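Novice: Attaching a single structure in structure tokens format; questions to follow.
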Amino acid sequence: MYQLKKFTLLTLLSTLCLLFSFGCCAGIKIKPPETQQNLITHLNRSTIMFVEIDPWGTKSFCGGVWINESSFVTAKHCISNDEGKSKVGDEFKFQTHHEFDGHYPVNSNSKIYKAKVIAFGTDIDIAILKTEDEINHGIAKLYKKNIRQGLRIHTMSHPVRMSYNYTQGIVSQIRDMEVFPSGNEGRFFVLHVTTSATNGSSGSGLFDDKGELLGIASFISRAMPGAMFYIHRDLVVEVLEENSIPYY
């Protein structure tokens, strides 16, 4: 599904990483944050927010998490078109924390980047995008341990027009859902967390105390108003490895 169109030094290094440690890059060390403020800074730098232009200015509507030097992961439904579909090559606009100044709505004069879809899960609410823009950003390692009930978690989300919101909570439960609450079929091995759900938070990351990625925000349930469900890290890894996309 994902074909490299040109080889760069970064692509070569990423390929070598895959050869020595399939699915991940072991060559670069990402130092875990030592304080809560360092953690928040790391989450700010390791996430993006999708933006669109409307008559009232620039609006944020979904998030994403950097998993290597040029690619980030988000929820597939965030990049769906009017027909509820998406395809490889579709282009979307986004911003990073460098452009965030706390202004409401988002400052229309701030820099906007572009990224294209390179892969997505067939029946998993996960998509991967890649940018050709040179951006100084952080990278979130994927959590390697078993995710347990009660694990303390942190989120950095981008509700509509209210970007870069930090919250924390715990993993309430790990659930295996075969059917999406709205009736759409899909695989939903998810993390049910105690942080509240807000419109526009989809695609944002769920992290542990070290800033490692646990999951991607996907949906809420009518049966549990205010609860947010995150696609489990294992399904994120499945999409990455099926498409030979390096991660840490």
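Novice: Considering only the other residues whose Cβ falls under 12 Å of the Cβ of LEU191, what net charge follows from Lys and Arg at +1 and Asp and Glu at -1?
Specialist: Result for the local shell: 0.
Novice: Among HIS158, HIS137, HIS232, HIS98, which comes first, second and so on when ranked by fewest other beta-carbon atoms within 10 Å?
Specialist: In order of increasing Cβ crowding within 10 Å: HIS98, HIS137, HIS232, HIS158.
Novice: Hey, which of these cross-link pairs are over 32 Å Cα-Cα: LYS87/LYS210; LYS116/LYS210; LYS111/LYS144; LYS59/LYS145; LYS85/LYS210; LYS31/LYS85?
Specialist: Violating the 32 Å limit, Cα to Cα: LYS87/LYS210; LYS111/LYS144; LYS59/LYS145; LYS85/LYS210; LYS31/LYS85.
Read the figures in this text as sums done on the coordinates, not as results from a lab. These numbers were taken from a predicted model, which means no experiment stands behind them. All Cβ positions, glycine included, derive from the backbone under ideal geometry; neighbour counts span all protein chains shown.
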